[in-house]
Each structure stands twice: as structure tokens, then as C-alpha cells.
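Q: Can you keep this structure in mind? I'll have questions shortly.
The values are calculated or read from the model by the stated rules, or taken from the named source; none is laboratory data. Small disclaimer: the values here were computed from a predicted structure and weren't measured. No Cβ is skipped: glycine too gets one built from the backbone with ideal geometry, and neighbour counts run over all protein chains shown.
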Amino acid sequence: MARDDPPKSGIRDAILWHLTYTLGKDPDHAQLFDWRLALSHAVRDRIVDRWMESARATRRAGARRVYYLSMEFLIGRLLQDNIVNLQLADETQAAVDSFGLDYRALLLDEPDAALGNGGLGRLAACFMESLATIGCPAHGYGIRYEHGLFRQSFAAGRQVEAPEDWLVQPFVWQFERPEARFTLGFGGHVATHQGKPVWEPESFVQSEAFDVPVIGWPGNWANTLRLWAGRAVDPFDLSRFNAGDFTAAAEAEALARTISRVLYPQDSTEKGKRLRLTQEYFFSAASIRDILRRFEGEHGDLRLLPRKVAIQLNDTHPAIAGPELLRILHDERGLPFDEALDITRACVNYTNHTLLPEALESWGEGLFSDLLPRHLQIIERIDAADARAHPDRRGGARDQGRVRMGELAFMLSNRVNGVSALHTGLMKTTVFADRHRLHPDRIVNQTNGVTPRRWLLGCNPRLSRLICETIGRGWIADLEQLQRLEPHVADDGWLGRFAAAKAANKADLCDWTLREHGVALAPDAIFDVQIKRIHEYKRQHLNILEAIALWQAMRDDPGAGWPTRVKIFAGKAAPGYVLAKQIIRLINDVAAVVNADPATNERLQILYLPNYNVTLAERLIPAADLSEQISTAGKEASGTGNMKFALNGAPTIGTLDGANVEIRERVGAENFFLFGLTAEEAEARRLVPDHAGRAIAADPRLARAIEAIRSGSFSPDEPDRYGDIVANLTGADYFLVCSDFADYWRAQRQVDRAYADRDGWARMAARNLARSGWFSSDRAIRGYMQDIWGAQSLLGRE
Ligand code: CJB
């Protein structure tokens, strides 16, 4: 090996080169870690030229750029994704094999970058990948959290949180950009100079940029994900150090770094914390400055901004970007306020991801003016202008001493979108009913999607191989081509291969649970999987109640021919969400009792896997038979896990909620196990006095399952451990667990019967795959490009 340029031709030589010259390791002594970093560098080298060429092409075309602002990018591991998208999988595997290393172990050595909580953050990651695949010039902007979402383990069934430390290892995919630093102000007051308001902040923080290239399939275009880290303006106070106060000398740096230290672990709930608002302003303001710097480097006239810039707010977390842009245009660039407002609104769009009232962000005006005094004044002016334009409006951005970020984002957006047809419809009739009346064209729908590169090609190689052998490779960039599988579903030979791929994936999962968790699963069982954040509206407790009832029924009638079932759960609860944590503990307690029961444990197993993350999802989804999507109708905005399961040939048992509605429409009602109240019926049911009591009285199975929990069958050492859950279920039961139980039980027994006919089941599963093409994030992104951003692909194949 010569110290020459790193070889570009063969990946094998490139790995050896980087091992020697980048890592400084002799192959004879290299650890898995060294090999993985060497491979990552070799792969990264193959992205960079494309990346630079994409940036050049964008500049040449003077094209409109899309800026996706998101507090969360749940990107997971990147090595395999990049290898797959560069079409290097076969060559890389051969090279790694030739070194006598385990390819999968090498890929799994990479830390899982959990810079997000759940669906919202994962959607942002899928969208970045699709933008690159389509060749839409785009930048993602987020925060480079030192600690991503906490690591979850269980102690006696209870969730225990530990800090996540992905950045302890070198993050090969990032490029530090010291030149793109911005100094951002906080606090202080607004002075008047020559009749004009001037914000005089009290303190300053710098934003430092780290760029991660995102390469699309099949390696023709790369965009940038720019993540901001907090840095002190003056990192070190030498005079304090010299005076002997060593800790204080580094205080400014510690404070600044706090901003990008941790991801807030709330999901679908907001905790009004000052640091959270600081994070939101920090990354929004840095991003707006970066956008303006780029624009002004290429164009002179700020009035051109809307033709060159489309900003997407992923939920309200970056909503302060609107007032910040307006502030800079008006206060710093001198545009009249109304013109600055029009330009801002022509650039900005907002995606709403939830209707749950507890998740709609608002900030006390006191905190707001403390941290962002000039922005509060600007919001007052926006609100006043809105009140003048719509004297009959019912509410503004400021209400009872609070700043409501949803209203603000709506007012400052050209388009506002929901994430499934049902959710968008409900936005128009509930949270944004008044706004929709005033602006009937502003709300549009863009049903979510998932990237098929990660969620089929990468995570399910067996099924992908079968698909490629059957219909070629066109589906990878055009997922609707999966329809071409449809005629093969009737072919027994093909169906057998399809079923064999699923069986092999299940066998892999069994090996893994045995190796990692010491749990032997029955490979022939129905793998019934519910993996997502733990939340009352997602109703993991409905699932475990059904498991209890099933266990009781099996004990009553052991000879009834019950099919074998493995119920798999995974998911984290927000650390402060007491009831969600109780649900986790209950599932673990029930699992301990049920799994130890010799009368039933050949037929029913319950497994709660700790530390759910992207990697675990990639492992579980290809091995699933049944997808649990059982939220209370009207509460799950879309769901995206539901799409991943269908795409991997796992039929859904679910309610008419979020994108389940559209999945059922597309895969066919006969290939979907529907149960439960509709959103409308759910609203009506809540008005029925004692609806839970009535449902319990009408269903002895439900009554008995609840009674088992209440009497301490699963917590004999502490019988009233689950008093809160029981009180909730038998009392208000806002999420209608009891009302939906009987129908859920019925649908589950329908699953039992359907699964007994293995060919019938395989056909159903294959039809889920063949009809899921529409749920690609490529389709979703094309929708945004056309209906919201007015953006074009620069790849010349659109
Ligand atoms: N969502 O993950 C989150 N976090 C929130 O704070 C609010 C919503 C989820 O966003 C996904 C992407 O749009 C949706 O599929 C999901 O239904 C929603 O809960």
C-alpha cells in the first residue's frame, strides 16, 4: 500500500488505504471498529464528488432550494444506507468477506444516531433521502445533539433511562464548517435609535455548522443535512483562569454547549422549558442566516427571495424562523414591515403533525419577551395586521398571555399541510377551523411516506432479491412498480418463495432474540408486533388487555386449537409520562406471568424488547406477520410504521385512523383487519355517560382481564401497582380502550383463523406488498415539490 491518493476504483483497496493512512492501523491489529471507520471513509470518498457536483448544478441552474427545518432527524445508522444507495452492496460485502470479517457485524458496529423521538424525526430523515433520490436541491437544518434520545433498559420491568452517547465515537459522515458560524443574540431589550427599534441582546452564542451529505439512490445526487452545535463566542476567559477560577473560566463554553447537549425526550407533548425555546430559536435563527447568506451571495434583490427559497417548518418547533426572517428583512435590511411580511409568508410553509392539544406549542409571553423581546413585538404586529384583515377572526397568535405557535406558523405560511387525508380533514374542522374559514386554500394534504431504500431494499434483502428477480430493479426508484408483482401472487411457486423469505427473516429474529436476550421464540408463531412510542392514544394497553384475555381463554379451554402467537412490543416512554411508564411495566409484568405458565406458553409468548430505535425497527419489521396500528381513531396523525409493515408484507390490524385509512383503501379491505370506532363515532362515544363501565359490563372477557390487573395477578407483591391504569380504564377512558375492546378481540380471532390458512395468509401479505407502492416518501416529496414548494428536480429525468 502506497501513500498515494486513496484509491477510487476498488472499495477493497480503498478500505485498506484508509485503514493504514486515516486510521493508522496495521490490518493484522485492526479491530472491528477500525475496519468500520476505514470502510466508512472509503464510502464517504465516493459521495463527495457527487455532492459537490450537485451543489454546482444547483448554483448553475439558479434553482429554487428547499430548506427543511426540523428539530429532529432520526437518521439511525448511515453506513449501510450509503452503501446501498451507491449500489456498492455486493462489492463491499465481497471485500469485507475477503478480510475474514462479518459484514453485518461491521454495519451494526456503527452507533445509531437517534437525533429524534419518533415518527416526526424519522419522517424528516426519509424526506432527506427522497429529496436526494429525486434530485431536488435541498438542505436539511437541525441540531447536532451530543446526546440523542435516551437509552432504555428495564429494571424489574420498569423503564430506566441512560444517556445516549453516539458522539463519543468519531462521526465519519460529518464535515465541520468553521466558516459558517453565526453569532446569535438572546435576551436584552429593544432600544430606539433614530426612531427605529433596535434589539440589544444581553448574551450571545455562536452556531457551528456540521454538514452531513445525504446521497440518493442510485448515487446521482447528494444534498446536505446541516446540523448546528452551540459554541461560546469567547470560549475561554483567560483572566479568570489566571485568577485561579478554573471552572468559571470555561463557564461560557459550557453554557453555550448546553444548547445542543440533549434532545428533549417528549413526543407529542410539549414541556414549556426555557432551554427548549432557546434550542428552537438557536437552530431556526442560524438556519435563516445561512439561507440569507447563500441567497445574497447569488442574488441581489431580496424581493426575489420567494422564487429562490422554500422553507418547510417540520411542526411548530422551528416556527420562530418566520418572525426571525421578518425581523432581519425589516429591522436589518430595511424593507417595509408589510413587504417583509409578504416575502416571509411567500417563503414559509408549515407541516402539522398532531391534533393532540397537549402537543400544541405555546409559550408564556413573559418567557418569550425575556428571551426574544424584539420577536414578541414583531408577533404583536403580525397579529395586529391579521386582526385588521380579519375582524371576525376568533383568535390570534397571542391568547391569554401566551404565544400560540400553531397560529403563528399558520399566519406566516403560504401552505399548511397535514400528513394524511383524515388528519388534514380534521385540521380543517378542529384546531384550524377558524383559520381554514379565513384561508380556504391554505391547508393541503400530503400523506406521509417512507423511503423504500432503507425500509425494504436495505432492511429486507431476501424479499428485495425476490422482487428484483420477479420485476427487475425499477421499483427501487419507482415504488408503484410493485404492482407488477400482483399477477405472481396467484402463482403457488412464487408465493412459496415469498413465504420462505418471511420465514427466513423470522428465523433470523429468533436467532437474535436467543443470542441477545436469551429468549427462544417459536418461529412458526404469528409474530404480532407493536413498535412505536408509548402513549395512551397509541393504546399499547389495549393490546396487553387482549393478551391477558387471550391467556385466560387459553387456560379455560386449552384444546380449542389456538394458533401460536408471539406478541412483540418495543418503544420508549417520555421520562416524565408516568402512565406510559406504568404501561411498560404492566406489559413486562404480564409477560413474566404468561411466559412462565406451562399451560399456555407453548401457544402464547410476550416479549418487550428494550431500547427501540431505527436499527431495531429494521430488524423487526421484515420478520413481522401482523402490524398493530390500534390508536383511537382521530388521534394518530398518520403513522409511518404502518407503511413499513405493509411494504414488508405484514397485514395490519387497525382502526380507521391516520394513514391506516389510505393503506386499507389501497391494499384492499379483505387484506386488512379492521376494528373499532371511527373518529366521528369516537367523538360521540365520549359523550355517552359511563361509556367505559357500559363496555365492561357488556363484555365478561374485558371485565375479567381488568380484574386480573386490579387484583394483582401480575403484581402479587404489590397488588395495587396498576391502580392508576385501572382507574383510568374504568373511569374517564378518554382513549376508549374499553369501548373498542370487544371489536379488537373479534378482529384478533379473525387473524387467528386467517393465519391458519398459510397460503391464504401469504397471499394477503404479498398483496400488502404489491399494493403499497404509493407509500413511498418519493411520492410524498413529489407532492410537496408540486403543491407547496414549486421546486424542480435537477436530475433531468422528471
Ligand atoms: N408525531 O412523532 C411525532 N411527534 C410529535 O410531536 C407529533 C407527531 C408523529 O409524526 C409522524 C410524522 O408525521 C406521524 O406519522 C405520527 O402520526 C405523529 O404522531
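Q: Going through segment 91-119 one residue at a time, which ones are surrounded by fewer than 24 Cβ atoms within 10 Å (Cβ to Cβ) and within 16 Å of the ligand (Cβ to nearest atom)?
A: Listed by number, the residues that qualify are ASN117, GLY118.
Q: Let me ask something else about it. Tally the residues that are away from the ligand (no atom under 16 Å from the Cβ), surrounded by fewer than 24 Cβ atoms within 10 Å (Cβ to Cβ) and β-branched (Val, Ile, Thr), restricting the search to segment 600-652.
A: 2
Q: Follow-up. When the residues of segment 204-220 are filtered to those that are in a strand (DSSP E or B) and polar (S, T, N, Q), which remaining residue is nearest to the chain's Cα centre (by Cα)?
A: Going through segment 204-220, the residues in a strand (DSSP E or B) turn out to be 204-215.
Among the residues that remain, those that are also polar (S, T, N, Q) are: 206-207.
Working: GLN206: 28, SER207: 24 Å.
Among those residues, the one meeting the criterion is SER207.
Q: With (1) within 16 Å of the ligand (Cβ to nearest atom); (2) touching a strand residue (DSSP E or B) at 6+ places or on another chain (Cβ under 9 Å) as the list, and GLU200 as the residue in question, which single condition is left unmet?
A: The failed condition is (1).
Q: Pairs, please: C-beta under 7 Å, at least 6 apart or cross-chain, first residue at pLDDT 95 or above and in segment 425-439, second surrounded by fewer than 15 Cβ atoms within 10 Å (Cβ to Cβ) and part of a loop (DSSP other than H, G, I, E, B)?
A: That search, which allows pairs on different chains as well, returns ASP434/ARG394; ASP434/GLY395.
Q: Would you mind telling me which numbered condition in (1) assigned to a strand (DSSP E or B); (2) of a type in the set (A, V, I, L, M); (3) more than 29 Å from ASN82 (Cβ to Cβ) ALA229 fails?
A: Answer for ALA229: the failing condition is (3).
Q: The conditions are (1) surrounded by 23 or more Cβ atoms within 10 Å (Cβ to Cβ); (2) closer than 23 Å to MET785 by Cβ; (3) over 28 Å from the mean Cα position of the chain (by Cα), and LEU326 fails exactly one of them. Which is it?
A: Answer for LEU326: the failing condition is (2).
Q: Please work out which one of (1) away from the ligand (no atom under 16 Å from the Cβ); (2) touching a residue at least 60 places away in the same chain (Cβ under 8 Å) is the condition GLY272 fails and give its number.
A: (1) is the only condition that GLY272 fails.
Q: Looking at LEU521, LEU509, LEU426, which one is of a type outside the set (Val, Ile, Thr) and touching a Cys at 6+ places or on another chain (Cβ under 6 Å)? Working first, answer last.
A: Numbers: LEU509 fails: touching a Cys at 6+ places or on another chain (Cβ under 6 Å); LEU426 fails: touching a Cys at 6+ places or on another chain (Cβ under 6 Å).
The match here is LEU521.
Q: So, ALA384, is that one away from the ligand (no atom under 16 Å from the Cβ) and surrounded by fewer than 19 Cβ atoms within 10 Å (Cβ to Cβ) or not?
A: yes
Q: Another question, then. For the condition surrounded by 24 or more Cβ atoms within 10 Å (Cβ to Cβ), in the same structural domain as TYR67 (by TED's automatic domain parsing) and either touching a His at 6+ places or on another chain (Cβ under 7 Å) or over 30 Å from ARG779 (Cβ atoms) (or both), what is the one hit in VAL198, VAL214, VAL190, VAL205?
A: VAL205
Q: Right, something else. Would you confirm, using the coordinates I've provided, whether ALA248 is assigned to a helix (DSSP H, G or I), among the aliphatic types (A, V, I, L, M), exposed (fewer than 15 other Cβ atoms within 10 Å of the Cβ) and out of contact with any Phe, Trp or Tyr (no Cβ under 8 Å at 6 or more places or on another chain)?
A: yes
Q: Being hydroxyl-bearing (Ser, Thr, Tyr) and under 30 Å from ALA596 (Cβ atoms) is true for just one of SER711, SER772, SER739. Which residue is that?
A: Exactly one residue qualifies, and that residue is SER711.
Q: Kindly indicate the residue of segment 121-167 that is among the hydroxyl-bearing types (Ser, Thr, Tyr) and more than 15 Å from the ligand (Cβ to nearest atom) and also nearest to GLY576 (Cα to Cα) among those meeting that condition.
A: Going through the qualifying residues, I end up with SER153.
Q: Considering only segment 375-391, I want to know if a residue exists there that is in the same structural domain as GLY121 (by TED's automatic domain parsing), more than 22 Å from ILE343 (Cα to Cα) and among the charged types (D, E, K, R).
A: No: zero hits.
Q: Please specify each residue of segment 716-761 satisfying the condition of being over 22 Å from THR632 (Cβ atoms), in contact (Cβ under 8 Å) with a residue 60 or more places away in the chain and charged (D, E, K, R).
A: Within segment 716-761, ARG721, ASP752, ARG758, ASP759 qualify.
Q: Given the conditions (1) assigned to a loop (DSSP other than H, G, I, E, B); (2) on the phi < 0 side of the Ramachandran plot, which single one is not true for GLN87?
A: Looking at each condition in turn, GLN87 falls short on (2).
Q: Would it be correct to say that PHE295 is in a helix (DSSP H, G or I), without any contact (Cβ under 8 Å) to a residue 40 or more places away in the chain, more than 13 Å from the ligand (Cβ to nearest atom) and in contact with a strand residue (DSSP E or B) (Cβ under 9 Å, 6 or more places away or on another chain)?
A: Spelling it out, PHE295 is indeed in a helix (DSSP H, G or I), without any contact (Cβ under 8 Å) to a residue 40 or more places away in the chain, more than 13 Å from the ligand (Cβ to nearest atom) and in contact with a strand residue (DSSP E or B) (Cβ under 9 Å, 6 or more places away or on another chain).
Q: Specify the residue that is modelled with the lowest pLDDT; the eligible residues are those in segment 335-371 that are within 16 Å of the ligand (Cβ to nearest atom) and charged (D, E, K, R).
A: GLU358
Q: Continuing with the same structure: Are any of the residues in segment 674-686 in contact (Cβ under 8 Å) with a residue 60 or more places away in the chain, away from the ligand (no atom under 16 Å from the Cβ) and assigned to a strand (DSSP E or B)? Working first, answer last.
A: Residues of segment 674-686 in contact (Cβ under 8 Å) with a residue 60 or more places away in the chain: 674-677, 679.
Now restrict to residues that are away from the ligand (no atom under 16 Å from the Cβ): 674-677.
From the residues that got through so far, the ones that are assigned to a strand (DSSP E or B) too are 674.
Yes, segment 674-686 has at least one match.
Q: Among the listed residues VAL444, VAL431, VAL489, identify the single one that is in a helix (DSSP H, G or I) and among the β-branched types (Val, Ile, Thr).
A: Among VAL444, VAL431, VAL489, only VAL489 is in a helix (DSSP H, G or I) and among the β-branched types (Val, Ile, Thr).
Q: Restricting to segment 387-423, name every residue that is more than 16 Å from the ligand (Cβ to nearest atom) and either in contact with a Cys (Cβ under 8 Å, 6 or more places away or on another chain) or part of a helix (DSSP H, G or I) (or both).
A: Answer for segment 387-423, where residues must be more than 16 Å from the ligand (Cβ to nearest atom) and either in contact with a Cys (Cβ under 8 Å, 6 or more places away or on another chain) or part of a helix (DSSP H, G or I) (or both): ALA387, ARG388, ALA389, GLU407, LEU408, PHE410, MET411, ASN414.
Q: Report, by residue number, each residue of segment 1-60 that is within 16 Å of PRO170 (Cα to Cα), of a type in the set (Lys, Arg) and free of Cβ contacts under 8 Å to residues at least 24 places away in the same chain.
A: Passing the criteria: only LYS25.
Q: Kindly indicate the residue of segment 352-364 that is within 19 Å of GLN279 (Cβ to Cβ) and outside any loop (DSSP other than H, G, I, E, B) and also nearest to the chain's Cα centre (by Cα) among those meeting that condition.
A: Checked segment 352-364; the qualifying residue nearest to the chain's Cα centre (by Cα) is ALA359.
Q: Is it fair to say VAL489 is away from the ligand (no atom under 16 Å from the Cβ), closer than 29 Å to ALA162 by Cβ and in contact (Cβ under 8 Å) with a residue 24 or more places away in the chain? Don't jump to the end; show me each part of the working.
A: Details: away from the ligand (no atom under 16 Å from the Cβ): yes; closer than 29 Å to ALA162 by Cβ: no; in contact (Cβ under 8 Å) with a residue 24 or more places away in the chain: yes.
So VAL489 fails the test.
Q: Within segment 387-400, can you find the residues that are at pLDDT below 95 and buried (at least 16 other Cβ atoms within 10 Å of the Cβ)?
A: Matches in segment 387-400: none.
To keep it simple, each residue is scored yes or no on (1) under 26 Å from VAL198 (Cα atoms); (2) within 30 Å of the chain's Cα centre (by Cα).
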position: ASP386; (1), (2): yes, no
position: VAL403; (1), (2): yes, yes
position: LEU412; (1), (2): yes, yes
position: ASN417; (1), (2): no, yes
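Q: Let me ask another. Can you name every residue in segment 336-352 that is surrounded by fewer than 21 Cβ atoms within 10 Å (Cβ to Cβ) and either closer than 17 Å to ALA321 by Cβ or in contact with a His (Cβ under 8 Å, 6 or more places away or on another chain) (or both)?
A: Of everything in segment 336-352, those that are surrounded by fewer than 21 Cβ atoms within 10 Å (Cβ to Cβ) and either closer than 17 Å to ALA321 by Cβ or in contact with a His (Cβ under 8 Å, 6 or more places away or on another chain) (or both) turn out to be PRO336, PHE337, ASP342, ARG345, ALA346.
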